[in-house]
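The next block holds one structure in the form of structure tokens; read it before the comments.
The values are calculated or read from the model by the stated rules, or taken from the named source; none is laboratory data. None of these values were measured; they are calculated from a predicted model. Don't worry about glycine lacking a Cβ; one is built from the backbone with ideal geometry, like all the others, and counts go over all protein chains shown. Areas reflect the complete protein model, heavy atoms only, side chains present, ligands, DNA and RNA absent. Shrake-Rupley method; radii C 1.70, N 1.55, O 1.52, S 1.80 Å.
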Amino acid sequence: KEDLTGTELITVEHGGVVKAKFELTTSTGKKVHARAELRVPDHAVNQDVQITMTLATDRVAVEFQPEGLVFNEPARLDFHVNHLNQIPEDETVTFVFVDENGNTSSPTYEDLDVHRHSDHTDIHLKNAEISHFSIGHFSIYAFGR
């Protein structure tokens, strides 16, 4: 089931969870699976807000709205992608925030596992701290190398 975009009402009192997932079949017939979950804690927002999270299919990234949202306490993101093209052993995989000018910075996260197999790579990110969404464009958090 494809659910590229997840939108949820996040409340001041109870926070909330936004989820999205997709399966994509490449031109070679390989199936790529991705899923992401953003957990917003209680009292992390000043007013109830709809948060939208979209999994990008043109790159390994998640995009967030509304723009300009700042959390009182960081939200937590888990992001898993399986069956990517093989990433060579000598290439480092990172997780970054991309700002409106294309500059990148690395959010804090608990764990980033890269599992290299003979024909594909799986990447699993756990508990990345998301403190804000950018102003003027979608907020983009992405895997890079």
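Please report the spacing between the Cα centers of segment 15-51 and segment 74-133 in Å, no decimals. Comparing the Cα centres of segment 15-51 and segment 74-133, I get a distance of 14 Å. Dividing the convex hull volume of the alpha carbon atoms of segment 10-89 by its residue count gives 104 Å³ per residue. Averaged over its residues, segment 1-127 has an accessible area of 56 Å² per residue, based on protein heavy atoms and a 1.4 Å probe.
With a simple spin-label model that places each label point 7 Å from the Cα along the Cα-to-Cβ direction, the separation between His120 and Glu23 comes to 1.1 nm. Loop-located GluC sites (Glu not before Pro) across segment 1-105 with a Cβ neighbour count of 15 or fewer within 10 Å are Glu2, Glu13, Glu67, Glu89, Glu91, Glu100, with loop assigned by DSSP. Surface composition of the chain: carbon and sulfur atoms hold 46% of the protein heavy-atom accessible area at a 1.4 Å probe. Shape call for segment 68-121 from the C-alpha gyration tensor, a ≥ b ≥ c root eigenvalues: rounded (a/c under 1.5), prolate (a/b greater than b/c) or oblate? Prolate shape, in that a/c is at least 1.5 and a/b is the bigger ratio.
Amide hydrogen proximity for Ser139: with H placed 1.01 Å from N in the peptide plane, the residues at 5 or more positions away or on another chain lying under 5 Å are Phe64, Ser134. The value of relative contact order for segment 1-113, using C-alpha pairs under 8 Å at least six residues apart, is 23 percent.
Normalising by residue count, the chain has a Cα convex hull of 105 Å³ per residue.
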